[in-house]
1. Would you mind stating whether LYS87 is more than 25 Å from VAL10 (Cβ to Cβ), in contact (Cβ under 8 Å) with a residue 12 or more places away in the chain and surrounded by fewer than 20 Cβ atoms within 10 Å (Cβ to Cβ)?
2. Take region 32-64 and flag every residue that is closer than 25 Å to THR116 by Cβ and of a type outside the set (A, V, I, L, M, F, W, C).
3. Counting only residues that are under 14 Å from ALA4 (Cα atoms), give me the helices (runs of 4 or more DSSP H) lying completely in region 16-134 with at least 2 of them.
4. Just wondering, is there one or more residues in region 62-71 that are on the phi < 0 side of the Ramachandran plot and among the acidic types (Asp, Glu)?
5. So which residues in region 24-40 are among the hydroxyl-bearing types (Ser, Thr, Tyr) and either within 10 Å of GLY105 (Cβ to Cβ) or over 8 Å from the mean Cα position of the chain (by Cα) (or both)?
6. If you go through region 11-18 one residue at a time, do you hit one that is surrounded by 18 or more Cβ atoms within 10 Å (Cβ to Cβ) and at pLDDT 95 or above?
7. Can you pull out every residue in region 90-119 that is hydrophobic (A, V, I, L, M, F, W, C), in contact (Cβ under 8 Å) with a residue 40 or more places away in the chain and surrounded by 13 or more Cβ atoms within 10 Å (Cβ to Cβ)?
8. For region 19-50, which residues satisfy the criterion of being of a type in the set (Phe, Trp, Tyr) and surrounded by 15 or more Cβ atoms within 10 Å (Cβ to Cβ)?
Amino acid sequence: MYIAETQIRVRYGETDQMGVVYHGNYALYFEIARTEALRQINITYKELEENGVMMPVVNLNINYKRPAKYDDLLTIKAYFKVPPTIKAIIDYEVFNEQQELLSTGQSTLVFVDMATNKVTRCPDMLAQKFAPYF
């Protein structure tokens with residue numbers, strides 16, 4: 001299993017009038033976490049795209065436990081519990097500075113060949129980066 005952590009601070013524009021993070025922003029937080037998770041194993045979405053592969057989200061689930069608030073420092077954990085094949089399934093947990101669990105979620109992304117716009121297998125360069133964790 002591969003686990004990566006990313007921290008972000010809640011900005012004012014991400015909150016509602018009560019200073020609580022708007023629910024739709026969690027999808028963005030998850031995107032940041034998975035982008036940084038790849039960066040931490042020395043690969044970027046940009047590199048994947050330069051090699052003709054994109055990774056669209058085909059499913060997203062979010063569970064809200066407690067509110068995140070303006071200026072909170074959030075820790076987002078991204079879990080790759082199984083190696084990517086034709087899809088990558090990532091689980092997420094969001095914690096505040098008090099280590100309270102605020103949210104959980106899961107996203108499923110598929111690998112798509114940009115030339116044919118068809119689903120393809122995980123590129124070898126990415127599979128090799130994940131191999132030591134499984």
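The values are calculated or read from the model by the stated rules, or taken from the named source; none is laboratory data. If you're wondering where the values come from, they're calculated on a predicted model, not measured in any experiment. Here the Cβ positions follow ideal geometry from the backbone for every residue, glycine too, while neighbour counts run over all protein chains shown.
1. So LYS87 fits the description; yes.
2. Those that are closer than 25 Å to THR116 by Cβ and of a type outside the set (A, V, I, L, M, F, W, C): ARG34, THR35, THR44, TYR45, LYS46, GLU47, GLU49, GLU50, ASN51, GLY52, PRO56, ASN59.
3. 25-40, 124-130
4. The answer is no, given that none of the residues of region 62-71 is on the phi < 0 side of the Ramachandran plot and among the acidic types (Asp, Glu).
5. Selection gives TYR26, TYR29.
6. Taking every residue of region 11-18 in turn, at least one turns out to be surrounded by 18 or more Cβ atoms within 10 Å (Cβ to Cβ) and at pLDDT 95 or above.
7. ILE90, VAL94, LEU109, VAL110, PHE111, VAL112, MET114
8. TYR26, TYR29, PHE30, TYR45 - these are the residues of region 19-50 that are of a type in the set (Phe, Trp, Tyr) and surrounded by 15 or more Cβ atoms within 10 Å (Cβ to Cβ).
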